[in-house]
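The values are calculated or read from the model by the stated rules, or taken from the named source; none is laboratory data. These numbers were taken from a predicted model, which means no experiment stands behind them. Note that we place each Cβ from the backbone using ideal geometry, even for glycine, and neighbour counts take in every protein chain shown. Protein only, heavy atoms only, side chains kept; ligands, DNA and RNA dropped before computing areas. Shrake-Rupley method; radii C 1.70, N 1.55, O 1.52, S 1.80 Å.
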Amino acid sequence: HVTSLPINYDEIYSHVGKDVKKEKIIVSSSRLDWEKNPMFMMEVARKFLSLNQEYKWIFTTSASELRSNDQFIVDKLKQLEKENDRFIIKTNMDKKGYYELLSRASIQFNSALQDYVSFTLLEATTFGCDVCYPRFKSFPECVPSDRLYDPFDVDSAVNVLCEMNVREHKNI
């Protein structure tokens, strides 16, 4: 059951402001632990970026270095950054820097397998990001159906992201 959460929008806006120009940026900000499904996120990023040359995909963390409950995941993320100059890892992000990034980003992507409450969803939508989340757990109750992808289906996620890109072009 979806209920309200303790979030102060005025405090969030105090870090950045409300009227920042959007860029072709997708942000992923979940932990790299296996339950956040980061290998899936990387496959979606790889495929989406190959189809949409104008986008950057930015993975963020507040930690000073990448960490996970599986070192293989960290290694794969670093490898993806080396392979694609439009896949960017940003470590050591404080709230102000993260909010500045969200204010510029057009989409926030989530691949978590176990979230019921998502502050990343609230923060992203506060800054006007479109969102792409799995049709899983509580997300169908709070995310519009055309922004949901079938869990574990890379093509479904990429198709939702591509449709968001098409909608964005129509609004320019």
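Summarising the amide proton neighbourhood of residue 58: residues at separation of 5 or more, or on other chains, whose placed amide H is nearer than 5 Å comprise 26, 27, 28, 88.
A simple packing score, the average count of other Cβ atoms within 10 Å per residue, orders the peptides 149-161, 124-136 as 124-136, 149-161, with the highest score first.
Helix-only mean residue ellipticity at 222 nm, the chain, DSSP H runs n ≥ 4 weighted -39,500 (n - 2.57), per residue, nearest 500. What is it?
After summing the helix terms and dividing by the residues of the chain, the value is -13000 deg cm²/dmol.
Panel values: segment 32-172, Kirkwood radius from alpha carbon pairs, Stokes-Einstein at 20 °C and 1.002 mPa s, translational diffusion coefficient 139 µm²/s.
Averaged over its residues, the chain has an accessible area of 52 Å² per residue, based on protein heavy atoms and a 1.4 Å probe. Phi-derived couplings, Karplus 6.51 cos²θ - 1.76 cosθ + 1.60 at θ = phi - 60°, listed residue by residue for segment 90-107: 10, 9, 6, 7, 8, 4, 4, x, 5, 5, 4, 5, 4, 5, 8, 6, 9, 9 Hz, with x used for Gly and Pro. Distances between every pair of Cα atoms in segment 73-147, grouped in 10 Å steps from 0 to the bin holding the largest one, split as 17, 41, 37, 5 percent.
Restriction of the GluC sites (Glu not before Pro) in segment 62-127 to DSSP coil positions whose beta-carbon has at most 13 other beta-carbons within 10 angstrom yields 65. The fraction of accessible area contributed by carbon and sulfur in the chain is 50 percent, rounded to a whole number (1.4 Å probe; ligands and nucleic acids excluded).
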